[in-house]
Amino acid sequence: MTAISLGMPAVPTKLADRRVSRQIQVGTVAVGGDAPVSVQSMTTTRTSDIGDTLQQIAELTASGCQIVRVACPTQDDADALATIAKKSQIPVIADIHFQPKYVFAAIDAGCAAVRVNPGNIKQFDDKVKEIAKAANETRTPIRIGVNAGSLDARLLKKYGKATPEALVESALWEASLFEEHGFGDIKISVKHNDPVVMVNAYRQLAAQSDYPLHLGVTEAGPAFQGTIKSAVAFGALLSEGIGDTIRVSLSAPPAEEVKVGLQILEALNLKQRRLEIVSCPSCGRAQVDVYKLADQVSAGLEGMEVPLRVAVMGCVVNGPGEAREADLGVASGNGKGQIFVKGEVIKTVPESKIVETLIEEAMKIAEQMEKDGIASGEPQVSIGA
């Protein structure tokens, strides 16, 4: 009788195919089509302070930000755009409200794109022909950014409040005006502070157009609350293939927005993972201080770029299995820990030696990965119970 190997079930690498959209070019970053989902943030400095703004852009670039937006509420800010756009290492988008003249200033300054908010720019529709002409000549994409807090008064009167339908109608109306003048390098966002309203708006927009979509929960709140709101909303949409670029809006330093955005994409397998620590929440079965172990291992491996999954486990129930599935792991108990590398137990060490042993073995694996040319990909480090 021939033995049948049951094997391991195939694990899907993605939750859904990407929505089909047109592709635009924001400086060096492609948005939409089959381009990877990109992560954006926005500076908090006065744009007119060129030094501070470029310093913050450099910090954002180092954190993994791919596109940065700068505010342009004054003429001094507009005057600074050319230098900032030229010296930034990542594409710069000018954020324009109230004054249409700054749209032209941003285009002339060589910004990679311009974000306009039709709801609060006076007589914006009357300027679309001129803006479309200037943007076409320089191949500067336009993001039509509709916000619940600044929705056109006509639509507020029609719908009573910023409903998904109102947000979508506003965005598509403005896009149609640009299209009438032969301009189609358009990206759209329809942001709301309520993730449910926001998700419904983007679903409707995705069904009614092929524009690339910029996802955002506007005014998401402080770091913890905003992270939860953004992760829930982005997860719902990205898992359906909706979304081409994202900005996590937090009442926190911009680099934190980037960190959260990257983690969301990595969790959905939309971005190659780097170091990943898998650890358990601990429970009554744990025989070691899992919290402390996980924190110490994380600190010791901070900055590691290779795709390594490390598992730190605190009991014998799930520990060995999780540690075996990771690139590197430990199953702890009874004052000692079994160290696993690529599914095999390589040694057993006292509890006091677990952290230093894991870090030592991680460095060896990382060194070998770099020699083998594996600099990015699926991270394989877990901590759990």
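Express the relative contact order of the chain as a whole percentage, based on alpha carbon pairs under 8 Å and six or more residues apart in sequence.
Values: 851 pairs, mean separation 52.5, N = 385.
That works out to 14 percent.
Using the Kirkwood radius over C-alpha pairs as Rh, can you work out the diffusion coefficient of the chain via Stokes-Einstein at 4 °C, viscosity 1.567 mPa s, in µm² per second? Present the calculation step by step, with values, prior to reporting the outcome.
Numbers: Rh = 22.8 Å.
Rounded, D is 57 µm²/s.
Over what distance in Å are the Cα centres of region 51-88 and region 166-238 separated?
Each part reduced to its Cα centre gives a spacing of 24 Å.
Between residue 218 and residues 5 or more places away or on another chain, which pairs have amide H atoms under 5 Å apart, with H built 1.01 Å from N, and which residues are they?
The answer is 192, 193.
If you put +1 on each Lys and Arg Cβ and -1 on each Asp and Glu Cβ, how big is the dipole of region 155-238 around its Cα centre, in Debye rounded to 20? Show your work: numbers first, answer last.
Working: 7 positive and 9 negative charges, 77 e Å.
Here the size comes out at about 360 debye.
Which entries in 187/229; 187/371; 127/158 show an alpha-carbon gap greater than 32 Å?
On the way: 187/229 22 Å; 187/371 41 Å; 127/158 24 Å.
Correct reply: 187/371.
Which log10 I(q)/I(0) values does region 138-255 give at q = 0.12, 0.20 Å⁻¹ under the Debye formula, counting every alpha carbon as one identical point scatterer?
-0.42, -1.08
Rule-of-thumb check for region 19-69: C-alpha Rg over 2.2 N^0.38 Å? Let's see the in-between values first.
On the way: Rg = 13.1 Å, N = 51, 2.2 N^0.38 = 9.8 Å.
My calculation over the Cα atoms of region 19-69 gives 1.34.
Can you find, among 150, 68, 136, the residue farthest towards the positive end of the dipole of the chain? Put +1 on the C-beta of Lys and Arg, -1 on that of Asp and Glu.
Final value for the positive-end residue is 150.
For region 166-211, take the convex hull of the Cα atoms, compute a quarter of its surface area, and give me that in nm², please.
Hull-based average projected area comes out at 3.0 nm².
From the backbone phi of region 133-149, what are the Karplus-calculated ³J(HN,Hα) couplings (6.51 cos²θ - 1.76 cosθ + 1.60, θ = phi - 60°) in whole Hz, Gly and Pro given as x?
Couplings: 5, 5, 5, 5, 5, 9, 6, 9, x, 10, 9, 8, x, 8, 10, 4, x Hz.
As I understand it, the dipole of the chain uses +1 on the Cβ of Lys and Arg and -1 on the Cβ of Asp and Glu, about the Cα centre. Which of 20, 170, 40 lies farthest toward its positive end?
Value: 170.
In whole Å, what are the Cα extents of region 84-144 along the three principal axes, biggest one first?
On the principal axes, region 84-144 reaches 34, 22, 16 Å in Cα extent.
Can you run phi through the Karplus equation (6.51, -1.76, 1.60; θ = phi - 60°) for region 233-241 and list ³J(HN,Hα) in whole Hz, with x for Gly and Pro?
5, 5, x, 4, 6, 5, 5, 9, x
Given a 1.4 Å probe, how much area per residue of the chain is accessible, in Å²? Write out the running numbers ahead of the final one.
Working: 17930 Å² over 385 residues.
Accessible area per residue: 47 Å².
Given the DSSP H assignment, sum -39500 (n - 2.57) over each helix run of at least 4 residues in the chain and divide by its residue total; what's the result at 222 nm in deg cm²/dmol, nearest 500?
On the way: 12 runs with 154 residues, N = 385.
Only helices count here, giving -12500 deg cm²/dmol.
Send over the Kirkwood Rh of region 28-164, from the inverse of the averaged 1/r over different Cα pairs, rounded to one decimal Å. Intermediate values should be presented prior to the final figure.
On the way: mean 1/r = 0.0638 Å⁻¹.
After inverting the mean inverse Cα-Cα distance, the result is 15.7 Å.
What is the gain in length, in nm to one decimal, between residue 272 and residue 179 on full extension, counting 0.36 nm per residue of separation less the C-alpha to C-alpha distance?
29.9 nm
Mind listing P(r) for region 182-318? All alpha-carbon pairs, 5 Å bins, whole percents.
Final binned percentages: 2, 9, 16, 16, 16, 14, 11, 8, 5, 2, 1, 0, 0, 0.
Counting only protein heavy atoms, what percent of the accessible surface of the chain is carbon or sulfur at a 1.4 Å probe?
Numbers: 9340 of 17930 Å².
Heavy-atom surface of the chain belonging to carbon and sulfur, 1.4 Å probe: 52 percent.
The values are calculated or read from the model by the stated rules, or taken from the named source; none is laboratory data. Everything numeric in this text was worked out from a predicted model, so none of it was measured. We place every Cβ from the backbone using ideal geometry, glycine too, and count neighbours over all the protein chains shown. These accessible areas exclude ligands, DNA and RNA; they are computed on the full protein's heavy atoms, side chains included. Shrake-Rupley method; radii C 1.70, N 1.55, O 1.52, S 1.80 Å.
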